Amino acid sequence: MSYPTPPTPTWAGLPAAWRPVVESTDGAGAGGVWLLTDLDARLHFREGLLWIAGQRLWWADAPQATPQSWSIEPGLALWVSDHNGVAALELVREARDGAPAERLAVWRYTLGRQVAARRLIERFEAVRDAAQSELPAQAAAPLHCPVCHAPMEPDDDECAVCAQVVHTPPSTLTLLRLWRFARPYRWSLLGGFVLTLAATAATLVPPYLTIPLMDDVLIPYQNGQPIDVGLVALLLGGLLGAALLAWGLGWAKTYILALVSERIGADLRTTTYEHLLGLSLEYFGNRRTGDLMARIGSETDRINIFLSLHLLDFATDVIMIGMTAVILFSISPTLALATLLPLPLIGWLIHVVRDRLRTGFEKIDRVWAEVTSVLADTIPGIRVVKAFAQEEREAQRFRDANRHNLEVNDRLNRLWSLFSPTVSLLTEIGLLVVWGFGIWLVARGSVTVGVLTAFLAYIGRFYTRLDSMSRIVSVTQKAAAGAKRIFDILDHVCSVPEPADPVPLPHVHGHIQLRNVGFRYGNRSVIHGLDLEVRPGEMIGLVGHSGSGKSTLVNLICRFYDVAEGQILVDGVDIRQLRVADYRRHIGVVLQEPFLFFGTIADNIAYGRPEATREEIIAAARAAHAHEFILRLPQGYDTLVGERGQGLSGGERQRISIARALLIDPRILILDEATSSVDTETEKEIQKALDNLVRGRTTIAIAHRLSTLRRADRLVVMDKGRKVEEGSHDELMARQGAYWRLYQAQARQAEAERELLRD
């Protein structure tokens, strides 16, 4: 594989503000390599400069800052990785002579700076290798992944090997991360723990009282002595009091800890959902709806049950075993040692089974997500399923997913069904050992019958709790697997980060500028070096073949994704310097397939402004030419619509979405194929509504029918991610270029359709 020689590095293009700090390091000669980072450690937009001058790597986090530097020498390396659009460049001292690798510094940036970062890495490695071999640092080494050293093409955004998804098994330690959600309730948890200690201590009193009952009451009575009624009443009263105390304390600690666990579970669901809403569209493009629903729903329920029931049982078991062991050794150290004989084998079994359960339950979660994903795909698309008579096919898909889930569960159940009886068998053997050894000690007179009876009562509780602890291994690993899948969401970094110092945006005029904009979906470049300016109040139309980059472009303007190269400015401000929510409040979007939520017509129109009055909602509906058909509905504006607007026609849904956009009164309007999926008559109604919507607003429209864009001030023709033509309809038709060919092709298609209708 051959690699092209990179262009000679140069300081050309370095912003003037950074030149003084570069010159202070003797780095402003004829050529140089630099990387202008655009993210800080908190992933907020903030510029910093990283450059190589001489034999050193320099860094400054501001033009006026005193730069840091590191000597480029053997043993140092620059590692780069990216996570959903955000790259990290690490300066590390590589592992050697048994010492682990040491990270010296880390810088973060968006993938638009990737080319400059690779150029910096190549120069760094060349200087380092020259220092090691004392050869001049001229030729650039072949491009490879700094992490796994796999070869890479110059245009690759990421290493294909490192990009593979690896399902790592969950660790039980993942459950410790739940402390973040438990911390606000730490005093309630402490109170529950104290109550657990007291309740456990109360349950250990009755066996101890059996010693005097046996040795001072029953055995003397068998030997002819009268029963001491007062002593019996005192001991039985103690047993009753201990039972009532244990009951009361047990109720209190169970209630308190159940309340706390419910709140922890609710906080976990809310935090996960809020974080999910904050992620970019790029994240949702790679995830299935059913999988995300399963994580927020069933996984948090599983964690909640673990916290409210099983964790409490586990804590009680540990306390009970510890207290019981102390009592056993205080009664008879010899018998206590015999009791502990099965423990090493039980501990080894738990360790072996835990590792297998850990991977098994994580796999079960993934398989169950397949089942829920089939449901999430099929139920919303039931109209398509029935239209194409594919009920049996979808039923087979569900049967296959369900069978796969059954097979995975069966494999795990075979392991668990062997483990649990084995632990029970070992505890029974331990109990037999205590019986035999205890009888031998009684025969020798080393212990009394009462002591042996109490000992056996404690042993029963000890082994019962030990068996219970072994069973908790299963639910613990289930909770760990669920926690891992939850934290996979919470650990995900949004590829559209908020700025560190946001620029206020009180008023928007709608002046949009795109400067040398480039964008990639993974390794596929979609937009290349695009320059475009839209003046305030102007309407432009985007036209081109499918896949030419039209929808991607409006997604970038809405900042659903961030540009990889160049910048987008609104009223002279880079949109990455604006708070995402503040910026999007000034944008109205009308999509090809309008999405309506389950609720009333009024709620759907007011979705962008929930505080809107009924008069404002009606005014927006009138402007969208939706008022008349809404009044014909059974409950008018209070009519419930089904999910995704079921019960309304496509044109009606579209006019409601236009009313929704009108109500927020946006300065920038995006129309993405707003009339492509309706008939001609409905299109005329929608077009009237759109005429009201675009008036006085900066509008960017994508239309399937080119005839609908004749009102546009300018048309921009795109092809393979590039702007190939620009001008009015008449100007572009006169040129007989790409737009003319598109228009002629549509005209021929329309004529052919009319011929078919006449036939």
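Details
- Test: residue in segment 711-724 that is open to solvent by 20 Å² or more (accessible area, probe 1.4 Å), at pLDDT 85 or above and aliphatic (A, V, I, L, M): yes
- Leading residue by the ranking (farthest from Thr270 (Cα to Cα)) among those in segment 160-186 that are modelled with pLDDT of 50 or more and open to solvent by 80 Å² or more (accessible area, probe 1.4 Å): Leu173
- Verdict on Arg399 being modelled with pLDDT of 75 or more and out of contact with any helix residue (DSSP H, G or I) (no Cβ under 9 Å at 6 or more places or on another chain): yes
- Flag for Ala246 being in a helix (DSSP H, G or I) and within 24 Å of Phe329 (Cβ to Cβ): yes
- Of the candidates Arg653, Arg644, the single residue that is part of a helix (DSSP H, G or I), open to solvent by 30 Å² or more (accessible area, probe 1.4 Å), more than 30 Å from His511 (Cβ to Cβ) and modelled with pLDDT of 70 or more is Arg653.
- Every pair of residues 6+ apart whose Cβ atoms lie under 6 Å, when the first sits in segment 321-343 and is open to solvent by 50 Å² or more (accessible area, probe 1.4 Å) while the second is among the aromatic types (Phe, Trp, Tyr): none
- Checklist (1) open to solvent by 60 Å² or more (accessible area, probe 1.4 Å); (2) part of a loop (DSSP other than H, G, I, E, B) applied to Asp562, failing item: (1)
- Residues that are of a type in the set (D, E, K, R) and within 30 Å of Arg524 (Cα to Cα) were ranked within segment 725-739; the one that is surrounded by the fewest Cβ atoms within 10 Å (Cβ to Cβ) is Glu726.
- Among the candidates Leu57, Leu39, Leu14, Leu43, residue that is at pLDDT 80 or above and within 30 Å of Tyr521 (Cβ to Cβ): Leu39
- Residue that is in contact with a Lys or Arg (Cβ under 7 Å, 6 or more places away or on another chain) and of a type outside the set (Phe, Trp, Tyr), where the choices are Glu262, Glu299, Glu274: Glu299
- Odd one out for Asp215 among (1) farther than 23 Å from Tyr458 by Cα; (2) at pLDDT 75 or above: (1)
- Failed condition for Arg660, given (1) open to solvent by less than 50 Å² (accessible area, probe 1.4 Å); (2) over 37 Å from the mean Cα position of the chain (by Cα); (3) at pLDDT 85 or above: (2)
- Tally, over segment 228-269, of residues that are more than 30 Å from Leu218 (Cα to Cα), without any contact (Cβ under 8 Å) to a residue 40 or more places away in the chain and buried (at least 17 other Cβ atoms within 10 Å of the Cβ): 1
- Subset of segment 462-511 [modelled with pLDDT of 80 or more and out of contact with any helix residue (DSSP H, G or I) (no Cβ under 9 Å at 6 or more places or on another chain)]: His507, His509, Gly510, His511
- The residue of segment 695-710 that is farthest from Thr552 (Cα to Cα), among those that are out of contact with any helix residue (DSSP H, G or I) (no Cβ under 9 Å at 6 or more places or on another chain) and crowded, with 18+ Cβ neighbours inside 10 Å, is Arg697.
- Residue among Leu542, Leu553, Leu530, Leu514 that is closer than 21 Å to Ser657 by Cβ, in a strand (DSSP E or B), modelled with pLDDT of 85 or more and open to solvent by less than 30 Å² (accessible area, probe 1.4 Å): Leu542
The values are calculated or read from the model by the stated rules, or taken from the named source; none is laboratory data. The model shown is predicted, which means the values in this text are computed figures rather than measured ones. As a convention, Cβ positions derive from the backbone with ideal geometry for all residues, glycine included, and neighbour counts pool all protein chains shown. Side chains are part of the model used for accessible areas, which takes the heavy atoms of the whole protein and leaves out ligands, DNA and RNA. Shrake-Rupley method; radii C 1.70, N 1.55, O 1.52, S 1.80 Å.
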